[in-house]
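Take a look at the structure set out below.
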Amino acid sequence: MNILLTILQAVQILAAIGMIGLILMQHGKGADAGAAFGGGAGSASLFGASGGANFLSRTTAVLAGLFLAGTLGLAYFGNLAPAAARAGSVLENAAPIAPASQIPGTDSAPAAAGAGPVEVPAAPATGAAQIPGK
């Protein structure tokens, strides 16, 4: 099962990177207006006058389909874990919180045998007390 998930993740990542590259290579619809006023130098491109747009858009659509299929596959196979692993709440596996009696510097901490009371540090100075004197 882990091999299948790894393959699906690889397909997902490669399709996403491919889509990003192909989308950045395509020109927008506003670029066609420039060709009507003498900017038609791009008509002699590698794929022909309109072949590039068709090739890039169709390849982008195929990669988008692969990306969608990979997403659905990861969602389906990711939820096939055993029921015992999914039972209960996520918060049930959280780390336990230390009680207040174990936090140093609190008033509820019990004094050790033979030791004096727990000293609490003084609060920092505020306001005019922070300004050093001359």
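Please treat every number below as a calculation from the coordinates, not as lab data. Just so we're clear, the structure is a prediction, and the values are computed from it rather than from any experiment. Cβ sites come from the backbone with ideal geometry, for glycine too, and all protein chains shown count toward neighbours.
Here the peptides 1-14, 56-69 are ranked by packing, the mean other Cβ count within 10 Å, and the order with the highest first is 56-69, 1-14. Between Asn79 and Ala16, the contour length at 0.36 nm per residue exceeds the alpha carbon distance by 20.4 nm.
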